[in-house]
Amino acid sequence: MLDSVKYKQVITQEIDYPGFDLHGCSVYLRREDQRHVHISGNKWHKLKYNMIYALEAGYSSLLTFGGAYSNHIVATAVAAHQAGIPSIGVIRGEELYDLVDANPSLSLAKAYGMEFKFVSREVYREKDSPEFLEELRKAYPNTYIIPEGGNNALAVKGCKEILQEGDEVYQAIATAVGTGGTMTGIVKASWEHQKVVGFSVLSGCFQEEVLKKHTDKTNYLITDAYCFGGYAKIDTSLIDFINDFKQKTGVPLDPVYTGKMLFGLREQIQKGFFAENSKILAIHTGGLQGIAGMNLFLAKKKLPQIII
Ligand SMILES: *Cc1c(COP(=O)(O)O)cnc(C)c1O
């Protein structure tokens, strides 16, 4: 259905990095990034039950939405290819039509057979409206539509499986937060004594509303203090952190999600946010395919490159 090409069970490794061990804390990283080369960790979990459902219900293609460097777009293209059905990506930005081959993410999705429909930002904003969805269903008959970011109840169900038996030994769980679907699954699967800390990668913590819709649990908080000014925004301190982390631990981080999450986690540990001797489980949700696109942008701005 959805092959994990390389690893059946992801590893969880203790991370030896300056600052992570203050106040007796220890940080363990769950390497969801290794689950599949192209189906980025949490997107694999989001697609799993959606794919099972779409195939069982007899849909003949998958359609979803995303921006120019979307991990979800790439993941969907590859997952559909594995399942042997066509995929359609509704992409934000008409200007990208001529730039597919210069865009590492879109050209990867194209190589896996994804067909694109480029729309203006205005039209893209209608992505959840019944009229626009109806129009898409007419244009692509019998297509299974997955919302932006892969988020729906089946996605949350899949994300619950990011936590495993035995994870009750951790006092805290840290994850990057975009739409909030991944964190919702993690909170639902968490134990009551645990605190789930979400690092919003965009400004604002509106994802709390998403969580409240899916769960009555309250053992979590979301901070946007480490969003670096907004979605996909970056500065040299973040680039330096990602490169230093790679050099010292061997683990690559992406600039949009996991880099910000671990940067923020380290600051919170240093500030004494966590109880003494906390064991913290951080989720590496993947996203490494986005580094190539970010590096093209950084080169244009004459900023240092991210080491892959
Ligand atoms: C999409 C994504 C997230 C955010 O997931 P949400 O469910 O949208 O909050 C986190 N990390 C990576 C690498 C992602 O690709």
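Any read-out appearing in this document is the output of simple, stated calculations on the displayed coordinates, not a laboratory observation. Just so it is clear, the structure is predicted and the values come from calculations on it, not from any experiment. Quick reminder, even Gly has a Cβ in these numbers, built from the backbone with ideal geometry, and neighbours come from all protein chains shown.
Here the calculated FRET efficiency for Gln9 and Asp244, from their Cβ-Cβ distance with R0 = 35 Å, stands at 0.75, rounded to the nearest 0.05. Here, segment 202-307 has an Rg and a Dmax of 15.2, 47 Å when only alpha carbons are counted.
Give the order of Tyr49, Tyr17 when sorted by the count of other beta carbons within 10 angstrom, beginning with the fewest. Walk me through the numbers before you get to the answer.
Details: Tyr49 20, Tyr17 16.
Neighbour counts put them in this order, fewest first: Tyr17, Tyr49.
Seen from a random direction on average, the alpha-carbon convex hull of segment 125-278 projects onto 11.4 square nanometres.
Given the chain, what percent of its DSSP beta bridges are antiparallel, to the nearest 5? Numbers along the way, then the final one.
Numbers: 4 of 36 bridges.
The answer is about 10 percent antiparallel.
For Leu265, Leu133, Leu288, the sequence from fewest to most other C-beta atoms within 10 Å is Leu133, Leu288, Leu265.
If the chain between Tyr53 and Glu131 were fully stretched, how many nm would it gain, using 0.36 nm times the residue separation less the Cα-Cα distance? Don't skip to the answer; put the middle values down first.
Working: separation 78, 0.36 × 78 = 28.08 nm, distance 2.36 nm.
In short, 25.7 nm is gained.
How many angstrom separate the Cα center of segment 67-123 from the Cα center of segment 271-308? Between the Cα centres of segment 67-123 and segment 271-308 lies a distance of 23 Å. Note that segment 1-126 shows a convex hull volume over its alpha carbon atoms of 155 Å³ per residue.
For the chain, a Gaussian network of Cα nodes joined below 10 Å ranks Leu154, Leu136, Leu63 by mean-square fluctuation, and the top entry is Leu136. When Rg and the Kirkwood radius Rh are both evaluated on Cα atoms of segment 96-192, their ratio Rg/Rh stands at 1.08. What do you get for Rg/Rh over the chain if you use C-alpha atoms and the Kirkwood form of Rh? Checking Rg against Rh, the ratio lands at 0.96.
How would you rank Cys205, Cys159, Cys25, going from fewest to most other Cβ atoms within 10 Å of each one's own Cβ? Spell out each step's value before the answer.
Numbers: Cys205 17, Cys159 30, Cys25 24.
Fewest-to-most Cβ neighbours within 10 Å comes out as Cys205, Cys25, Cys159.
Its residue count N sets the reference 2.2 N^0.38 Å, and the alpha-carbon radius of gyration of segment 233-287 equals 1.16 times that reference.
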